[in-house]
Amino acid sequence: MNIETKHITELIPAPYNPRTSTEKQGKHLTESLKKYGVVEPIVWNKRTGYIVGGHFRVRQLQAMGVTEVPCVVLDLNDEDERELNIRLNANTGSFNWDDLANEWDYQLLNDWGLVTPDNWVDKEEEPKATEPKEVCPACGK
């Protein structure tokens, strides 16, 4: 695995990235980054210059004034890059809600940003895209 420190301005958000986040999630991620730093490198494709994984972290780190971040540097074709973007977020497992309810402090879980069954995303807060999306040439959306 090739890990390099990159200037944050070298990391181009992938225009196809489908992930969204809320302000509340941004607040939780910023708190985590301030407390623990970057414990998981950004995944970056040297062939395109696009971020493959870590768009949300990069956005929050930029807002915090961070200028350099560790990156796993890959050399992927376009198809593999897009596939990995989805796989990095789709295959994350799930929680055992009974274990969480019985062995963890509910308020701490919520304070840390875990969306628990009784604490879904605020209705009035719509998720926002982490980066601009491409416009579909067929429908304009």
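Details
- Subset of the range 40-58 [hydroxyl-bearing (S, T, Y) and either touching a His at 6+ places or on another chain (Cβ under 6 Å) or within 19 Å of Q25 (Cα to Cα) (or both)]: none
- Condition met for E81 (crowded, with 17+ Cβ neighbours inside 10 Å, more than 11 Å from the chain's Cα centre (by Cα) and under 19 Å from E10 (Cβ atoms)): yes
- The residues in the range 1-30 that are more than 11 Å from G49 (Cα to Cα) and in a helix (DSSP H, G or I) can be counted, and the count is 9.
- Pairs, first more than 21 Å from V73 (Cβ to Cβ) in the range 10-21, second surrounded by fewer than 16 Cβ atoms within 10 Å (Cβ to Cβ) and small (G, A, S), C-beta under 7 Å, six or more apart: T20/A129
- Test: residue in the range 99-116 that is part of a loop (DSSP other than H, G, I, E, B), over 28 Å from G54 (Cβ atoms) and modelled with pLDDT of 75 or more: yes
- Whether a residue is assigned to a loop (DSSP other than H, G, I, E, B), under 30 Å from E4 (Cβ atoms) and either over 13 Å from the mean Cα position of the chain (by Cα) or small (G, A, S) (or both) was assessed, and V66 passes this test.
- For the range 1-24, filtered to residues that are modelled with pLDDT under 95 and out of contact with any helix residue (DSSP H, G or I) (no Cβ under 8 Å at 6 or more places or on another chain), the residue that is surrounded by the fewest Cβ atoms within 10 Å (Cβ to Cβ) is M1.
- Within the range 39-54, the set of residues being buried (at least 17 other Cβ atoms within 10 Å of the Cβ) and touching a helix residue (DSSP H, G or I) at 6+ places or on another chain (Cβ under 9 Å) comprises I42, V43, W44, N45, Y50, I51, V52, G53, G54.
The values are calculated or read from the model by the stated rules, or taken from the named source; none is laboratory data. What you see is a predicted model, and the numbers here were worked out from it, not measured in a lab. Here the Cβ is made from the backbone with ideal geometry for all residues, glycine too, and neighbour counts use every protein chain on show.
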